[in-house]
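To keep things clear, I will list the structure first and then write my remarks on it.
The values are calculated or read from the model by the stated rules, or taken from the named source; none is laboratory data. All values derive from a computational prediction rather than experimental measurement. Here the Cβ positions follow ideal geometry from the backbone for every residue, glycine too, while neighbour counts run over all protein chains shown. Surface accessibility is based on the protein's heavy atoms, side chains included, excluding ligands, DNA and RNA. Shrake-Rupley method; radii C 1.70, N 1.55, O 1.52, S 1.80 Å.
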Amino acid sequence: MALEFSERIARLPRYPVAGGYAEQAPPVRLASNESPYPPLPAVREAIERALGELNRYPDPSNALLRRRLSERYGIAPARIAIGNGSCDILLAAGEALLEPEAELVYAWPSFSVYPHLGAASGARAVTVALDAEDRHDLPAMLREITVATRLVIVCNPNNPTSTAIELREIADFLDQVPAHVCVLVDEAYCEFNLLDDPDASVDLLDHHPNLVLLRTFSKVHGLCGLRVGFALCGSEQLPRALDQVRQPFFCNALAQAAAVEALAHQDAVIDRVARNVAERISVDERLRALGLTPARSQANFCWVRLGEREQVGEREEADVVAGLRERGVLVRAGSALGEPGALRVTYGTPQENERFLRALAETL
Ligand SMILES: Cc1ncc(COP(=O)(O)O)c(C=O)c1O
């Protein structure tokens, strides 16, 4: 007898898996926008110190981590939410805010988890096309907001297109969004964005109680294997509601210890960003030399169309992805992200990038 599932299961999309976890994963893994650098020695030591307490449940209130984030960003601990990765906060926000008859608005293509929010809640998802430069079109998004809208997501820099919009545009947008709408700016990659100081968006929180900045330790801090993210919120309302919809102990003890330690090493963040940006400049230049036109990346990855829109189909894209894989390089296919005919490639170490570029030149 087949199991009978809820009607939701038929609606829910599956998260695309990069195929990087199998035993025979290619050695150069550029498909998941991870950091190429391992955790800092001090962070490893903090994890080791926390190991001896694993017979105890983790602090369910994440008090120390929220205090450190409060000191770092100048936001009261009650306005900070922690999550089992920032994805956890995203999904919980969907659960807390959305229901059938409600609406959510986000750009497309954007982060592949956003469609889950509408599918899981039964809310109507309104997607807004990016502009000609693959950036968020905030005026068009504003036009889609109605009395039924509960949540608007702005991914900045945007995954998968790597592009960012200026904070000035987001500030103008926030001034026009009705106060009942939660605006969640997903800043998973904000440290790599050179258009604005990543701390500048935090100032907007004091003027917009409906604003949420979603951040993560997965990218620039290189801790995605542990799962820890956070949200800085304009008010205490969302953190409270998130705790109502989630299981207790959602952030494990090792993740809390590692995140607290990671925050004490901002100099390492700056160093890693500098190295990543140097690779970004060099990889993008060499992609252009191959006749490709990468989007203007402000992230730790690039977005490259393999030809003019509509001319390159899934077949050609699959051939290139397979060619790279044969040469030991794993990248993410655009078709897995809702945009066939493109590649999303994380910037790795100089050696990894060299290997990717050589493999790409041969494959093309
Ligand atoms: C835009 C964006 N937001 C959020 C996340 C989730 O990150 P995590 O759950 O690891 O914090 C990702 C991961 O790739 C992402 O690309």
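Report the residue, chosen from 170, 281, 89, that carries the largest GNM mean-square fluctuation when the chain is represented by alpha-carbon nodes joined by springs under 10 Å.
Greatest mean-square fluctuation among the candidates belongs to 281.
Along the charge dipole of segment 1-126, pointing to its positive end and built from +1/-1 on Cβ of Lys, Arg, Asp and Glu, which listed residue (46, 104, 61) has its Cα farthest out?
In segment 1-126, that residue is 46.
Viscosity 0.692 mPa s, temperature 37 °C: what is the translational diffusion coefficient of segment 173-276 from Stokes-Einstein with a Kirkwood Rh over Cα pairs, rounded to a whole number of µm²/s?
217 µm²/s
Using only C-alpha atoms and all pairs of different ones, pull out the Kirkwood radius for the chain in Å with one decimal.
21.2 Å
Residue by residue through segment 75-83, what is 3J(HN,Hα) from phi via Karplus (6.51 cos²θ - 1.76 cosθ + 1.60, θ = phi - 60°)? Round to whole Hz and write x for glycine and proline.
10, 4, x, 5, 9, 10, 10, 10, x
Please return the longest range in the chain lying between exposed loop sites, taking chymotrypsin sites (Phe, Trp or Tyr not before Pro), DSSP loop only, at most 16 other beta-carbon atoms within 10 Å, and leaving the sites out.
22-248
For segment 34-49, take each phi angle, set θ = phi - 60°, evaluate the Karplus expression 6.51 cos²θ - 1.76 cosθ + 1.60, and give the result in whole Hz per residue in order, putting x for glycine and proline.
7, 7, x, 9, x, x, 4, x, 5, 6, 4, 5, 5, 5, 4, 5
Carbon and sulfur: what percent of segment 292-364's accessible surface (1.4 Å probe)?
43 percent
Show the residues, 5+ positions off or on another chain, whose built amide H is closer than 5 Å to the amide H of residue 216.
230
Tell me the label-point distance for the pair residue 240, residue 199, using the 7 Å Cα-to-Cβ offset, in nm and rounded to one decimal.
Taking the two extended label points, one gets 3.0 nm.
Provide the gained length on full extension for the span residue 315 to residue 14, in nm with one decimal, where the gain is 0.36 nm per separating residue minus the Cα-Cα distance.
This chain segment gains 106.2 nm when fully extended.
So what are the ³J(HN,Hα) numbers for segment 152-167, from phi and the Karplus equation (6.51, -1.76, 1.60; θ = phi - 60°), rounded to whole Hz, Gly and Pro as x?
Working through the residues one at a time gives 10, 10, 10, 9, 9, x, 7, 9, x, 7, 6, 7, 10, 10, 6, 4 Hz.
Normalise the Cα radius of gyration of segment 281-351 by 2.2 N^0.38 Å (N = residues in it) and let me know the number.
Here the answer is 1.05, to two decimals.
What number comes out for accessible area per residue over the chain if the probe is 1.4 Å? Units Å², please.
In whole numbers, the chain has 47 Å² accessible per residue.
Roughly how big is the chain's charge dipole about its Cα centre, with Cβ charges of +1 (Lys, Arg) and -1 (Asp, Glu), in debye to the nearest 20?
The dipole of the chain has a size of about 720 debye.
Return the distance in nm (one decimal) between the two label points of a simple spin-label model at residue 351 and residue 249, each offset 7 Å from Cα along Cα→Cβ.
A separation of 4.0 nm, rounded to one decimal place.
What nm value, rounded to one decimal, do you get for the distance between residue 99 and residue 271 when each label is placed 7 Å out toward the C-beta?
Inter-label distance under the simple model: 5.1 nm.
Whenever you get a sec, compute what percent of the accessible area on segment 125-263 sits on carbon and sulfur atoms (1.4 Å probe).
On segment 125-263, the fraction of accessible area on carbon and sulfur atoms equals 49 percent.
Give, in nm to one decimal, the length gained when the segment between residue 144 and residue 129 is fully stretched (0.36 nm per residue of separation minus the Cα-Cα distance). Please report the intermediate quantities before stating the final value.
Working: separation 15, 0.36 × 15 = 5.40 nm, distance 1.16 nm.
So the extension gain works out to 4.2 nm.
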